[in-house]
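**Q** Structure provided below as C-alpha cells; questions to follow.
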Amino acid sequence: MLTAKQDNRLTAAQNTLLALRQDPAPYQQDKALQNTLAELQQLTDDLGPLRQQTQRPSKGKTAAKTDRRELLATSAGEIAGDLYAYATARQDRTLQASANYSYGTLLNLRANALTDAAQHLLDLATQHAQPLLDYGVSPERLAELRDTLAAFSTSKNDPRQQISEAKAARLAIKDKFSQLATLLEDRLDRSLRKYARSAPEFYQRIQAARLIIDRPGKRKGGNDETPEKLG
C-alpha cells in the first residue's frame, strides 16, 4: 500500500531509529530526545506492516463475483424460458417480448442492466405464479432467483466500497508520513544540533542514517543515486 517514495522514507526513518538505539550514551540525560525516539518508534511500528499490504483486488473476490453473475444469469434465464413458453401458449406477444431473455443475453449485460432484467423477470413470474406451476416454476425456484438477485446486487457495490476504503487508507498513510516529517524536522533535527559539537561522531552517524536512498527500479530519471534527507 506504500508508494515507492513512502517506502524509501520509511526505510530512512527505521535506519535513523536503529542508529539512535545503537548509541544511546550521548543522549542519556536528554529527555526530549528520548521522547522523540519513542514517538518515532511508534510511527515506524504503525507504518511497517503496510509494506506487506497490496492494493490489487483479491482473486477470490473476483471469482466469487463472477460466480454470482453466472448464478443469476442461469436462474433468471431458466425462469425467462418458462415464462416465454407460457406466453406462447397463451399467444400473449407482450409477455413473450418481456420474457425474451436467454442465459447468454443476461450474462453479457452490465451489472445494473442485469439486476433490472432479473427483477423484471421475477416480478413477471410472481405475477403469473399460479399458472406457471404447470411449467415447473415452483416457489423454491422463485426464492432461488430472489436470493441470487440479492447476492449479486450486494456484490455490485463491492468495487465502490473498496475504492472508498482505499482512499481513506491513503489519506491515513499520508497523515502518518506528515506526522513523521514534523517529528523529524521540528523536533529531532533541533534536538540533535547540540551534538554536532559535543558528540560529532554520533551526530554524523544519525545524519547519515537520515538519508533516503532510492532503491533500483523505484524511480526513473538521471539522479536515482542522489540521496535525499528524510524529513
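**Q** Using a cut-off of 16 Å between alpha-carbon atoms, which aspartates and glutamates can reach Lys167, once sequence neighbours fewer than 8 places away in the same chain are excluded?
**A** Within the straight-line limit of under 16 Å, Lys167 reaches these aspartates and glutamates: Asp158, Asp175.
**Q** Still on this structure, I have one more. If segment 60-156 were replaced by its equivalent ellipsoid, with semi-axes equal to the square roots of 5 times the Cα gyration tensor eigenvalues, what would those be, largest first, whole Å? Working shown, then result.
**A** Values: eigenvalues 116, 37, 19 Å².
Largest first, segment 60-156 gives 24, 14, 10 Å.
**Q** Using a 7 Å offset from the Cα along the Cα-to-Cβ direction at both Gln207 and Ala85, what is the distance between the two label points in nm, to one decimal?
**A** For Gln207 paired with Ala85, the spin-label model returns 8.6 nm.
**Q** Amide H of Ile212 versus every other amide H placed in the peptide plane: which residues, excluding those fewer than 5 positions away on the same chain, fall under 5 Å?
**A** Correct list: Glu228, Lys229, Leu230.
**Q** Got a sec to turn the phi values of segment 68-73 into Karplus ³J(HN,Hα) couplings, 6.51 cos²θ - 1.76 cosθ + 1.60 with θ = phi - 60°, whole Hz, x for Gly and Pro?
**A** After applying 6.51 cos²θ - 1.76 cosθ + 1.60, I find 5, 4, 5, 5, 5, 4 Hz.
**Q** Would you be so kind as to identify which of Leu114, Tyr86, Thr126 lies farthest towards the positive end of the dipole of segment 60-156, taking Lys and Arg as +1 and Asp and Glu as -1 on Cβ and the Cα centre as origin?
**A** It is Leu114.
Each reported figure results from applying straightforward, stated rules to the coordinates on display, with no laboratory input. Small disclaimer: the values here were computed from a predicted structure and weren't measured. FYI the Cβ positions are ideal-geometry reconstructions off the backbone, even for glycines, and counts take in every protein chain you see.
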